[in-house]
Amino acid sequence: MSEERKVESRKLHPEVYWRDEGLLFDGSRSGRIGVQLPPVGVEEVELDQLLPAEELRGDLEEMPELSESDVIRHFSRISRKNYALDIGLYPLGSCTMKYNPRINEETARYTGFAASHPLQPDSTVQGNLELLWELEGVLKTLTGMPRVSLQPAAGAQGEFAGMLMARAALDARGEQRRTVLIPDSAHGTNPASAHFAGYQVQELLSNERGTLDLEDLERAMTDEVAALMLTVPNTLGVFEDQILEISRIVHSKGGFLYCDGANFNAFVGKALPGKMGVDVLHLNLHKTFTTPHGGGGPGAGPVAVGDELVPFLPAPTVERGADGSFYLDYDRPRSVGRVRSFNGQFGMMIRALTYILSMGGEGLARVAEMAVLNANYVRQGLEEDYHLPYSSPTLHEVVFSDKWQARHGVSTLDIAKRLMDYGFHPPTTYFPLIVSGALMIEPTETTGKEELDHLIAAMRAIAEEARTDPDLLKGAPYSTPVRRCDEVRAVKKPVLRWYPPEPEAG
Ligand SMILES: *Cc1c(COP(=O)(O)O)cnc(C)c1O
């Protein structure tokens, strides 16, 4: 328990204090039990008469002993200490934390889907295969790309699979290229994926508009370059408006144009990457298509490819035979191989297709419109109080900096922590790296105007506090179960399970 927490709880009687800390960790009492089973009416036999002694575990690891209500209350209490999308606005830039419709959960639980086994013969899971085939179909329509693999289990894995396909295609051409170009406004997973696929990364600098400098690209783009990886819109929320020219330059030297489409929420239903000269692109079902994420997954990062890369798609693909039945096609000799066990995150595909069908084409186009409108509404509301490092038109997210607050000794971290006191999840902080003290806000289309007004009012109040009472911000948050924690330790050494109490000394 932190010192701060103790100070805050000073007024509580120490005997009742533990109730607030979670019963599972403190409340174990020897002999307490959560279930009562009726006698089964068969003779009791010692275990070692049934099983050979060497198969039996010696000591059972100690477990907390609790009643059913203790356990329910433990989990309900700790869940209330957490902030969640289902509680309020979660404007975490680049993460697209939009509302996950409950109908998705309902379809994902249909027994026919939920109880099927990934090793069942194709003939017994025609419905599942049809769902994968349908989802690939709508993603082909939405991207304008000829084929899509649903296998990758995250955006980053989609990037990796995409770069493996680009490399395989270059190998097939007999070309050994070494370098991948990546702008400094790209998402951080891009250089990691290129590196994992065996390439050196060369960074390109953005211009003052926050987009790629074409002369720079022209200079860097040689026949040594395998691909340009472009985040569209980039992490500044700015659309690469010269993408046709960019693709012309990349293709003129025989390279591939990789598009990081994790931010597809900004233009889904509005523009087709396939018409922009994109050769390979990943999407994040867990962002644009409302499958739940956060806390590490499960994600789904389908990767779409142009004609030259189709032979290299991860195997198996889902195909439809002449008789109309669906099957998994393993006979793909040039495939880069499997990138994920079975058919990827099948439950997420059910949710994504449910969402897409329930929105319809026009509904999805409206998503992009509203996502962009909301981000611009926040931008307008905060422009006078927060420094906007790039003034190019904002798409689905807007990036401010702490430049004006820094004059009062207040940093992005202080602003983010204080926002928690106002009841919001903080925005993404200190990313993108090209903006010092970045505050990256992505409200998404599922936030109503009243909630946006509330966020703007809170951010403006914080800007006012920074001017008048900066020390207040440096101590924030004041209202959360823990105040400022050691974030590195919290990630590296999380306390996620119960340990038996240390025996008392003496
Ligand atoms: C979220 C994101 C990624 C990575 O996606 P994961 O599913 O977290 O691996 C890549 N690029 C961009 C632009 C993103 O916003």
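Please treat every number below as a calculation from the coordinates, not as lab data. Since this is a predicted model, take the numbers as computed values, not measurements. Note that we place each Cβ from the backbone using ideal geometry, even for glycine, and neighbour counts take in every protein chain shown.
For Lys449, a cut-off of 19 angstrom between C-alpha atoms picks up these lysines, skipping any fewer than 8 places away in its own chain: Lys98. Take the Kirkwood radius over Cα pairs of segment 113-206, plug it into Stokes-Einstein at 10 °C and 1.306 mPa s, and you get 100 µm²/s for translational diffusion. Bridgeable aspartates and glutamates around Lys493 (alpha carbons under 13 Å apart, same-chain partners fewer than 8 residues away excluded) are absent.
Highest mean first, the peptides 212-219, 273-280, 366-373 sorted by other C-beta atoms within 10 Å per residue fall in the order 273-280, 366-373, 212-219.
If you look at the Cα atoms of segment 96-164, you get an Rg and a Dmax of 14.5, 38 Å. Which whole-number percent is the relative contact order of the chain (Cα, under 8 Å, 6+ apart)? Once normalised by length, the contact order is 18 percent.
Remark: for residue pairs Lys81/Lys474; Lys81/Lys287; Lys81/Lys417; Lys417/Lys474; Lys140/Lys275, the C-alpha separation exceeds 20 Å in Lys81/Lys474; Lys81/Lys287. Of the peptides 455-462, 169-176, 281-288, the order by per-residue mean of other Cβ atoms within 10 Å, starting with the highest, comes out as 281-288, 455-462, 169-176. How high is the FRET efficiency from Leu373 to Gln49, r the C-beta distance, R0 60 Å, rounded to 0.05? E between Leu373 and Gln49, to the nearest 0.05, is 0.25. Between segment 361-391 and segment 132-154, the alpha-carbon centres lie 28 Å apart. Computed over every Cα-Cα pair of segment 121-358 and binned at 5 Å starting from 0, the pair-distance distribution P(r) comes out as 1, 7, 15, 20, 20, 16, 11, 6, 3, 1, 0, 0 percent. Just so you know, the Rg over Rh for the chain is 1.03, from Cα atoms, with Rh as the Kirkwood radius. Taking a span of 30 Å or more along the helix axis (Cα atoms) and a mean Kyte-Doolittle hydropathy of at least 0.5 as the rule, the DSSP H helices of the chain that qualify are 346-382.
Only helices enter this figure: runs of n ≥ 4 DSSP H residues, each worth -39500 (n - 2.57), summed and divided by the residues of the chain, yield -11000 deg cm²/dmol at 222 nm to the nearest 500.
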